[in-house]
Amino acid sequence: MKRNFFFFIAMASFSWLAQAGVYKHIDEHGNVTYSNIPFNNAKKIDLPPIVVVPSVNSEEIEDRITKRRESIRLEEEREKLQNKIAEEEKRLNEVKNEYKDGVPDRLGSERNYQRYLDRVDRLREEINAREKNLTMLRNELQKLPDKSKSRP
């Protein structure tokens, strides 16, 4: 019991060492010195407590970053396809307006009737090609994963 008492007294008397702080000392030349040892004319500085941030699982972060990049890539791909569809629809409407259900206006350069028929055939072929393009683009757009499922 006496041993524990002396041990307690010894620990209490040395506790001032454990409470050492940070001291700021400015010498006659204006040099500032920070130390844990008190100097003459040194002032003790009260520092805020140290904030400890818990570690983060880097694999989880990498997974989230990868999912976000994939989501961004899909959004960009979706936007490109939507722009291509809009361009294709615009051009298809222009060609259909020119085609006028198989009876387009005759141009001045088409005095030869065969030239007119050739242009009508080209317009019909272009309409068919653009409709096929639109179908393929819309199918590609539908194959992309849903926005809500790809977002992390």
For this session: Would you check which residues across the stretch 49-86 are among the basic types (Lys, Arg) and more than 19 Å from residue 136 (Cα to Cα) and list them?
Result: 64, 67, 68, 69, 73
Exercise. Which residues, counting only those in the stretch 76-127, are under 34 Å from the mean Cα position of the chain (by Cα), of a type in the set (Asp, Glu) and surrounded by 16 or more Cβ atoms within 10 Å (Cβ to Cβ)?
Worked result: 88
Seminar exercise, completed: Exactly one of 25, 29 is exposed (fewer than 10 other Cβ atoms within 10 Å of the Cβ) and over 47 Å from the mean Cα position of the chain (by Cα), and that residue is 29
Seminar exercise, completed: Those residues of the stretch 36-75 which are at pLDDT 85 or above, within 28 Å of the chain's Cα centre (by Cα) and polar (S, T, N, Q) amount to 58, 66, 71
Problem set entry | Answer residue from the stretch 110-152, given it is touching a Ser or Thr at 6+ places or on another chain (Cβ under 9 Å) and part of a helix (DSSP H, G or I) and is modelled with the lowest pLDDT among those | 150
For this session: Could you give me the residue pairs with C-beta distances under 8 Å whose first residue belongs to the stretch 120-144 and is under 30 Å from residue 107 (Cα atoms), whose second residue is outside any helix (DSSP H, G or I) wherever it lies, and which are 6+ apart or on separate chains?
Result: 120/102; 120/104; 123/104; 124/102
Problem set entry | residue 101 being assigned to a helix (DSSP H, G or I) and out of contact with any Pro (no Cβ under 7 Å at 6 or more places or on another chain) | no
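The values are calculated or read from the model by the stated rules, or taken from the named source; none is laboratory data. Only a predicted model underlies this, so the values are computations on that prediction, with no experimental measurement involved. Reconstructed Cβ throughout: ideal geometry from the backbone, glycine too, with neighbour counts over all protein chains shown.
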